[in-house]
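Colleague: Dumping the structure here so I can ask a few things about it.
The values are calculated or read from the model by the stated rules, or taken from the named source; none is laboratory data. It should be emphasised that the depicted structure is a prediction, and the values quoted were computed from it without experimental measurement. Note that each Cβ is placed from the backbone with ideal geometry, even for glycine, and that neighbours are counted across all protein chains shown. These area figures cover heavy atoms from the full protein model, side chains too; ligands, DNA and RNA do not enter into them. Shrake-Rupley method; radii C 1.70, N 1.55, O 1.52, S 1.80 Å.
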Amino acid sequence: MRAEISFGKSLIGILFVGLAAASCTTTSKPAATAANTKTKQGQATKVTFNYTAKDRECLQRAMYFESQHSDEDGYMAVGTVVMNRLTSGAYPPSICGVVAQKRQFAPGVMTREVKPQAETELASAADAILIKGARHPAVKDAMFFHTDGLKFPYDNMHYVTVAGGNAFYEKRDANGTLETPPPLPSYEVAMNYVPGESMLPPQFEALIPSAVPVPLPAPDPMATASTGQMRITAPVTAPETLPVTSVEPEPGMPIAIPIPRPAYDSVMLRESLPANGG
């Protein structure tokens, strides 16, 4: 009898240990799965912007002329504003487009002479921004600046720092909300160098060959870089006295297919500033 009781206790003990072991094995699997899921969620996809040697020059020109030929701190502050505009979606989609936009940066920024002695420091600042993703930390989301010491009677100018002789500010409403589309943080931006003097802006699809007549867009003098809509004209035709033929692109000619930019609801885009302001 004692032997049977002892055997029964041993059997119950074996079953209990087995269930405990199985329980430990089962609970460890969800923990590993959660860790893997967290790792995958942390891998964010970067937004890629292309730039050329000309874009790099435009960035250097903006930094040089707008910072009053100051120093690397002033260069980086202005360069950060250029990149904030580029990645906000409310300004032209290339660095040269941002810098050359009318009545936004210093007069003659695209044509005046850059002194040779400043080129080394300018190149270092431009490479830090384009290659290393560096930004001036105090500029934050600012896309505007003016000469330090000037005063303006506007309530939406939220100043963040002074550098290179300029006061940098964000446009915010009474609740502290940005009035412009916010720029992307540098860790979400990848800059891709494209050899050549020209390139398609990021919102265009890759070039594709076309074998059919393509209407050509006519310039719209009232359009702006961020809100203008493209007008499409009919294919060009010959005079009525001659057979009517449409203009066709040569075989293999690349045609850019535009993708509409997203609308920004409840957003106040920047008004023109004085010529001495950025």
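Colleague: Given R₀ = 22 Å, FRET efficiency for ALA100-PHE152 by Cβ-Cβ distance, to 0.05?
Modeller: Values: r = 25 Å, r/R0 = 1.12.
That pair, ALA100 with PHE152, gives E of 0.35.
Colleague: For segment 39-176, take the convex hull of the Cα atoms, compute a quarter of its surface area, and give me that in nm², please. All intermediate terms of the calculation are to be shown ahead of the outcome.
Modeller: Values: hull surface 39.5 nm².
Result: 9.9 nm².
Colleague: Enumerate the calculated ³J(HN,Hα) couplings along segment 77-87 in order (Karplus 6.51 cos²θ - 1.76 cosθ + 1.60, θ = phi - 60°), each rounded to whole Hz, writing x wherever the residue is Gly or Pro.
Modeller: Using θ = phi - 60°, the values come out as 5, 5, x, 5, 4, 4, 5, 4, 5, 4, 8 Hz.
Colleague: Average the reciprocal distances over every distinct pair of alpha-carbons in segment 39-98, invert the result, and give the Kirkwood radius in Å. Write down the numbers at each step before the final one.
Modeller: Values: mean 1/r = 0.0789 Å⁻¹.
Its Kirkwood hydrodynamic radius stands at 12.7 Å.
Colleague: For segment 73-121, what % of the accessible area comes from carbon and sulfur atoms, probe 1.4 Å?
Modeller: Numbers: 1010 of 1970 Å².
Reported share for carbon and sulfur atoms: 51 percent.
Colleague: Once fully extended, how much extra length lies between SER124 and ASP71, figured as 0.36 nm per residue of separation less the alpha-carbon to alpha-carbon distance? It would help to have the intermediate numbers written out before the result.
Modeller: Values: separation 53, 0.36 × 53 = 19.08 nm, distance 1.13 nm.
Using 0.36 nm per residue and subtracting the Cα-Cα distance, I get 18.0 nm.
Colleague: Under a point spin-label approximation (7 Å from Cα along Cα-to-Cβ), what is the TYR187-MET110 distance to one decimal in nm?
Modeller: Roughly 3.6 nm, to one decimal.
Colleague: For the full complex of protein chains and a 1.4 angstrom probe, list LYS171, LYS54, LYS115, LYS151 by accessible area with the highest value first.
Modeller: On the way: LYS171 25, LYS54 70, LYS115 90, LYS151 180 Å².
Solvent-accessible surface, decreasing: LYS151, LYS115, LYS54, LYS171.
Colleague: What accessible area per residue comes out for segment 41-105, rounded to a whole number of Å², with a 1.4 Å probe? Show your work: numbers first, answer last.
Modeller: Values: 2430 Å² over 65 residues.
The answer is 37 Å² per residue.
Colleague: Continuing with this model, one more query. Along the Cα→Cβ direction, 7 angstrom out, place labels at VAL162 and LYS132. What is the inter-label distance in nm?
Modeller: With each label point 7 Å from Cα toward Cβ, the separation is 2.7 nm.
Colleague: Measuring from centroid to centroid over Cα atoms, what is the spacing of segment 57-80 and segment 168-190 in Å?
Modeller: Centre-to-centre distance over Cα atoms comes out at 20 Å.
Colleague: With θ taken as phi - 60° and the coefficients 6.51, -1.76 and 1.60, list the Karplus ³J(HN,Hα) couplings across segment 129-134 in order, rounded to whole Hz; mark glycine and proline as x.
Modeller: Computed from phi, the couplings for segment 129-134 are 6, 7, 9, 8, x, 6 Hz.
Colleague: Taking N as the number of residues in segment 147-189, what is its alpha-carbon radius of gyration divided by 2.2 N^0.38 Å?
Modeller: After normalising by residue count via 2.2 N^0.38 Å, the value is 1.34.
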